[in-house]
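Comments concern the structure below.
The values are calculated or read from the model by the stated rules, or taken from the named source; none is laboratory data. In this text the structure is predicted, and so the values were computed from the model without any measurement. Because the Cβ atoms are built from the backbone with ideal geometry, glycine has one as well, and the counts that use them run over all protein chains shown.
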Amino acid sequence: MTAPGFVLRTAWRESRAEGRRLGLLVGAVAMGVAALVAINSFTTNLRDSVRQQARALLGADLSLTSRRPLSPRVEALVDSLGGCAGSETPCGATAFVTDFAAMAYVPRTTGTRLVNVSAVAGPYPFYGEMLTLPRAAWPELQRDRRAVVDPALLTALGARVGDTLALGEARFVVTGTLENLAGEVGLRSAIGPRVFIPARYLDETGLLGFGARAERQAFVRLDDPGSADAVAKRYRPELRTERVRIRTVAEDEEDLNEALARLARFLGLVALVALLLGGIGVGSAVVVFIRRKLDTIAVLRCLGATAGQVFAVYLVQAAGLGLAGSLLGAAIGVGVQQALPALLEGMLPVDVAAAPAPRAIALGVGMGLWVATMFALLPLLAVRLVPPLAALRRACERTAAPRDAWRWPAAGLLAASVVLLTIVEVGSARTGAVFAAAIGGALAVLWLAAWLLVRALRRWLPAGWPYVWRQGLANLFRPANQTAAVVLALGFGAFLLGTLFLVQHNLLRGLAATGGPQRPNLLLLDVQTDQAPAIAGWLRERGLRERGPVPIVPMRIASVKGRRVSDILADTARAPGSEPANAWALRREYRSTYRDTLVASEELVAGSWWRAADGPSAAISVEQDLARELRVGLGDEIVWDVQGVELPTRVASLRAVEWARFEPNFFVVFAPGALEQAPQTLVTLTRVEDPGARGRFQRELAERFPNVTTLDLSLVQREIERIVDRVSLAIRFMALFSLATGALVLVGAIATTRLQRIREAVLLRTLGATRRQVFRIALAEYLALGLLASLVAVGLATGAGWGLARFFFDDARYWVPVPALAAIVAGVVGLTVLVGLWSTRGVLDRAPLAVLREE
Amino acid sequence: MLKCESLSRTYLSGGRELSVLKDISFEVEPGGFVAIVGPSGSGKTTLLGLLAGLDRPSSGRVWLDGQDLADLDEDGRARLRRDRIGFVFQSFQLIPTLTARENVQVPLELAGGDGAGAATELLERVGLGDRGHHYPAQLSGGEQQRVALARAFSNRPRLLLADEPTGNLDAETGGVIIDLMAELNRQLGTTLVLVTHDPDLAARARRTIRLAGGRVVADSGA
């Protein structure tokens, strides 16, 4: 007896005639779905590309990496894995690469630049191809003292193919440039462009002396590539004791995916926000729609339609429009997706081919349909309560509808939907819950603010104000006012945009703070102790101020609180083969220093700074997060292995360190007295203002002290800024969808009461109000609404931004850019007034009666 | 076929009880033609709403074809209207987003059918056979009311209730509507109960019930 034919036909006929008015609903859904489809398709593309290119990224089936030269045992293992045991080396299935940073110098142009040198032995890579220009440069690299370089290096040094490149004491001829370098992402190559040389000339450079950091890698091609993971699993425990990391293609792919997924998830959340905002737009569109449909609903009820049938008609209609919006959005999203790889260019380790991702499209359309239906549900409930008697007498509209018991289940369904959608989008129940709670909290605060405003105005609206202002403000608390609707919709949009802006601003600001005018911008690394006086003198000759030198002593942890590291790592309480979460902290190489004062980038958070070396064990100060990882506190003992000598120490204090500042910062600082005799290198900082002079300085230094590498911090800073700019561009791009939806929502929210506003305006005009007065009344009302919504939103965003900075990005400092926030407030207020006044357009210029007839 | 007994309706208005109808009783036989007349505020429209089951009486009962409306829930009364009652309103109340034919089809579709053929036939009967594809806004007031009449008769109701059917029309157009209603009453045997101010219309009825202050003050058929 539900007459589905009637429901479907009526739903269709009703929307056919209302096309223009329902465009808002379709548009609100379309924007969010477009954002979702674009970002999710892009993520799918990215994953596919990583999967296809993962093997070429690693270049082999297995890689073994260590900070120390590989022991004969490890080399033997590599040979046996590659099936080369006993055969002549190099064998066809193994390759060795040594990576280190050094200063490259081109005598012809006198250009100098910090580079990342890779000394290659063996047929690397086994998979993928090193594309060079000319093509023969790579296969012929091993023939002589040759180098293949990143073209960016040639540009930086003003050099060309055929030039001689000096690395330390050795000379190489540049025979080609790299056309593609799989897996190379932004920062690293910008700090030091890659230079490939044959490994057998490595010793000639004389660069790998004491304290020099180099990474040794061995690459293996297996006869059976499918066994890579099993092989890695079998040898991992043994290699760990040698401090060698073993990696497979699958693990590499997983790590890469995880890193990329984080950005994708964040962008996905931004897109989801747009869709949810669209949901609010759907809600207000439905409210307006139903208000227009009261007569029709009442007549249908008079003609014998049941409440359920009428409800079904409009729910089907909302769902149908939601579907239309979703399909439109999916089409837009597929278009936008093409733009995303270009937007993130230089940040992606693989080439991403934009291709439609059917699953992402289906998911987007499904989510759009679901959001439209769920957000329409709540206002649609009112349809069931329209009395058929309203067809006979209009007055019935006004009688208060009885409390609807279905409201709460519907609201619960809506809340559950938000949580569910977030979980689907980010794939984490916890994030879903936190996100939904944050949205709920923001909406609650906005609603509360609106409620308080209404209450406060009703009570304290000053009687002495001019009539138009009183009238305009009184509109905010009159029956059927739009205060809550507009403040919620507008405030929510402004809140999201404000939060995005604040997070981005703080991330950028944290990095920009490093670029002060008096801060050092050149870092001199690997200075040997006997070179220190010469370098100090050399700097003085040039009138440069020296900061430092800061001594650096490489060391490892031997034991913590009396337990040997090897024992802790081998603890049998865990599953065999697994490691404690803090294994990295126990095993890593520490580069510690000693000094008697705190520096600007650190702060004492526990204990006291040393007065003088006292007691049998040396005092150390540990960075607070590391202390947590190592589970040590004040007074605990750590024994260090300093180049084979065991040095017992005691934790005397904990420090908070601002790592973002480009200064020599340390996990562990020793009190003076304990490390002076230990083998060490020095780091010196200085500042050279002019970029040209900076280049000359680096060149002269490289000539005089070839083992000293200089790092141009301004270059690093520029590169970081470039990357942050890229990310924020992507975020802002996605936020655009929220902004567009927010504007639609605003139009929708204001439209919810447009009819009533117009009736009132006409009545006022009939009673003799001038156009100017009616205009001012509307101005006062929308000004107040915009101000309230934007101020509360910006306040909320400031809080949310602080929370994110503090707990998510782990940054204790927080800047609130007042002028920028004021601009957001001004923008929102302006938009509100504009849309509000636009919605009363026509009322002002025409005869009152004509307006009434038309509506 | 339509019977009401001791009908009363009170509303709460500003905290006071407002008695709109007091103790109304009458019965209408099948095929009857009754006009309910009376000054503004005498309770005419409220009475019509109660007879159609659009509203519940504060006390008293209504039977339609022996069915006590009080025994039906909201949806039951909706079904009763769908199957047995036709409606004509003063302001026509055509659904603005549906064409004339679609408006006429609604009651038939609600009953689970299609009704396109029947709708065309009904429109021809009220002289609008060629206007079926027009929207209400494209029709004059008289034409709209004729469509409303066609709609009211589309489900072959046993009872037609009309609220000031000529109230928004000029005298001449109103006359056409009255003729049509009388004709349909005669041909189909539909019982007519209408509320009106229009003396011409009241004069065409075979029985007049006069209300004043919520009470029946005169009943020509009693």
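Just one residue in the set A:ARG247, A:ARG265, A:ARG243 is within 27 Å of the chain's Cα centre (by Cα) and not in a helix (DSSP H, G or I); that residue is A:ARG247. Within segment A:353-386, if we keep just the residues that are assigned to a loop (DSSP other than H, G, I, E, B) and crowded, with 21+ Cβ neighbours inside 10 Å, the residue that is nearest to the other protein chains (Cβ to nearest Cβ) turns out to be A:VAL386. Considering (1) surrounded by fewer than 23 Cβ atoms within 10 Å (Cβ to Cβ); (2) among the acidic types (Asp, Glu); (3) under 26 Å from A:GLU14 (Cβ atoms), the lone condition that B:ASP163 does not fulfil carries the number (1).
Please state which one of A:LEU263, A:LEU277 is more than 10 Å from chain B (Cβ to nearest Cβ), over 30 Å from B:ARG84 (Cα atoms), surrounded by fewer than 23 Cβ atoms within 10 Å (Cβ to Cβ) and touching a residue at least 60 places away in the same chain (Cβ under 8 Å).
Details: A:LEU277 fails: surrounded by fewer than 23 Cβ atoms within 10 Å (Cβ to Cβ).
Only one candidate qualifies: A:LEU263.
Counting only residues that are more than 14 Å from chain B (Cβ to nearest Cβ) and of a type in the set (S, T, N, Q), give me the helices (runs of 4 or more DSSP H) lying completely in segment A:1-82 with at least 1 of them. Reasoning before the result, please.
Values: elements: A:4-17, A:19-58, A:72-81.
Qualifying helices (runs of 4 or more DSSP H): A:19-58, A:72-81.
Specify the residue that is nearest to A:THR10 (Cα to Cα); the eligible residues are those in segment B:140-149 that are more than 10 Å from every other protein chain (Cβ to nearest Cβ) and surrounded by 17 or more Cβ atoms within 10 Å (Cβ to Cβ). Restricting to residues being more than 10 Å from every other protein chain (Cβ to nearest Cβ) and surrounded by 17 or more Cβ atoms within 10 Å (Cβ to Cβ), the top hit is B:VAL147. Reported count of residues in segment A:195-240, each being under 33 Å from the mean Cα position of the chain (by Cα), of a type in the set (Gly, Ala, Ser) and under 22 Å from A:THR112 (Cβ atoms), is 1. Of the helices (runs of 4 or more DSSP H) lying entirely inside segment A:465-575, those carrying at least 3 residues that are over 30 Å from A:ARG113 (Cβ atoms) and modelled with pLDDT of 80 or more are A:467-474, A:483-512. Looking at this structure, is A:PRO125 outside any strand (DSSP E or B), free of Cβ contacts under 8 Å to residues at least 12 places away in the same chain and surrounded by fewer than 22 Cβ atoms within 10 Å (Cβ to Cβ)? Judged against the criteria, A:PRO125 is not a match.
Residue by residue through segment A:280-304, note down the ones that are among the aliphatic types (A, V, I, L, M) and either buried (at least 23 other Cβ atoms within 10 Å of the Cβ) or away from chain B (no Cβ under 14 Å) (or both). Across segment A:280-304, the qualifying residues are A:ILE280, A:VAL282, A:ALA285, A:VAL286, A:VAL287, A:VAL288, A:ILE297, A:ALA298, A:VAL299, A:LEU300, A:LEU303.
The set of residues in segment B:106-117 being under 12 Å from B:ALA150 (Cβ atoms) and more than 7 Å from chain A (Cβ to nearest Cβ) consists of B:LEU108, B:GLY115.
In this structure, is A:ALA318 within 14 Å of chain B (Cβ to nearest Cβ), crowded, with 20+ Cβ neighbours inside 10 Å, out of contact with any Gly (no Cβ under 9 Å at 6 or more places or on another chain) and not β-branched (Val, Ile, Thr)? So A:ALA318 fails the test.
In segment B:18-37, is there at least one residue being within 14 Å of chain A (Cβ to nearest Cβ), of a type in the set (Gly, Ala, Ser) and exposed (fewer than 15 other Cβ atoms within 10 Å of the Cβ)? Within segment B:18-37, not a single residue is within 14 Å of chain A (Cβ to nearest Cβ), of a type in the set (Gly, Ala, Ser) and exposed (fewer than 15 other Cβ atoms within 10 Å of the Cβ). Only one of the numbered conditions (1) free of Cβ contacts under 8 Å to residues at least 24 places away in the same chain; (2) not in a helix (DSSP H, G or I) is not met by A:GLY692, and that is (2). So which residues in segment B:150-181 are within 14 Å of another protein chain (Cβ to nearest Cβ) and of a type in the set (D, E, K, R), if there are any at all? Scanning segment B:150-181 gives B:ARG151, B:ARG156, B:ARG158, B:ASP163, B:GLU164.
Sort through B:ASP163, B:ASP179, B:ASP200 and tell me the only one that's free of Cβ contacts under 8 Å to residues at least 12 places away in the same chain and touching a helix residue (DSSP H, G or I) at 6+ places or on another chain (Cβ under 9 Å).
Sole residue among the options that is free of Cβ contacts under 8 Å to residues at least 12 places away in the same chain and touching a helix residue (DSSP H, G or I) at 6+ places or on another chain (Cβ under 9 Å): B:ASP179.
Check segment B:128-139 and report whether any residue there is loosely packed, with under 14 Cβ neighbours inside 10 Å and hydrophobic (A, V, I, L, M, F, W, C). Yes, segment B:128-139 has at least one match.
Filtering segment A:696-719 to residues that are part of a helix (DSSP H, G or I), surrounded by 19 or more Cβ atoms within 10 Å (Cβ to Cβ) and over 32 Å from the mean Cα position of the chain (by Cα) leaves A:PHE697, A:GLN698, A:ARG699, A:LEU701, A:ALA702.
Considering only residues that are in a strand (DSSP E or B) and under 21 Å from B:MET1 (Cβ atoms), which ones fall in segment B:38-75?
Within segment B:38-75, the first condition is being in a strand (DSSP E or B), and the residues that meet it are B:59-64, B:67-68.
Selection gives B:GLY60, B:ARG61, B:VAL62, B:TRP63, B:LEU64, B:GLN67, B:ASP68.
Could you tell me which of the residues A:LEU294, A:LEU321 is at pLDDT below 90 and in contact with an Asp or Glu (Cβ under 8 Å, 6 or more places away or on another chain)? Steps first, answer last, please.
On the way: A:LEU321 fails: in contact with an Asp or Glu (Cβ under 8 Å, 6 or more places away or on another chain).
A:LEU294 is the lone residue from the list that is at pLDDT below 90 and in contact with an Asp or Glu (Cβ under 8 Å, 6 or more places away or on another chain).
Among the aliphatic types (A, V, I, L, M), within 14 Å of chain B (Cβ to nearest Cβ) and either surrounded by fewer than 21 Cβ atoms within 10 Å (Cβ to Cβ) or without any contact (Cβ under 8 Å) to a residue 40 or more places away in the chain (or both): does that describe A:ALA307? Here the answer is yes, as A:ALA307 does meet what is asked. Are there any pairs, at least 6 apart or on different chains, whose C-beta atoms fall under 9 Å, with the first in segment B:76-105 and touching a residue at least 60 places away in the same chain (Cβ under 8 Å) and more than 7 Å from chain A (Cβ to nearest Cβ) and the second hydroxyl-bearing (Ser, Thr, Tyr) and assigned to a loop (DSSP other than H, G, I, E, B), and if so, which? Partner pairs satisfying both residue conditions: B:GLY86/B:THR190; B:GLN90/B:THR166.
Residue under question is A:PHE737, and the condition is that it be in contact with a helix residue (DSSP H, G or I) (Cβ under 8 Å, 6 or more places away or on another chain) and within 23 Å of A:LEU208 (Cα to Cα); does it hold? For A:PHE737, the condition - in contact with a helix residue (DSSP H, G or I) (Cβ under 8 Å, 6 or more places away or on another chain) and within 23 Å of A:LEU208 (Cα to Cα) - is not met. Only residues that are surrounded by 13 or more Cβ atoms within 10 Å (Cβ to Cβ) and either touching a residue at least 12 places away in the same chain (Cβ under 8 Å) or within 41 Å of the chain's Cα centre (by Cα) (or both) were counted across segment A:459-493, and they come to 23. Scanning segment B:168-222 for residues being closer than 16 Å to B:ILE24 by Cβ and over 14 Å from the mean Cα position of the chain (by Cα) gives a total of 16. The condition of being within 18 Å of the chain's Cα centre (by Cα), more than 13 Å from chain A (Cβ to nearest Cβ) and either basic (Lys, Arg) or under 24 Å from A:TRP12 (Cα atoms) (or both) holds for B:LEU122.
Being at pLDDT 75 or above, among the aliphatic types (A, V, I, L, M) and farther than 30 Å from A:THR109 by Cα, is that true of even one residue in segment A:704-711?
Within segment A:704-711, the subset at pLDDT 75 or above is A:704-711.
When the remaining residues are screened for being among the aliphatic types (A, V, I, L, M), the result is A:708, A:711.
Restricting the remaining residues to those that are farther than 30 Å from A:THR109 by Cα gives none.
The answer is no, given that none of the residues of segment A:704-711 is at pLDDT 75 or above, among the aliphatic types (A, V, I, L, M) and farther than 30 Å from A:THR109 by Cα.
Give me the residue from segment B:63-75 that is touching a residue at least 24 places away in the same chain (Cβ under 8 Å) and surrounded by fewer than 20 Cβ atoms within 10 Å (Cβ to Cβ) and, out of that set, farthest from the other protein chains (Cβ to nearest Cβ). Among those residues, the one meeting the criterion is B:TRP63.
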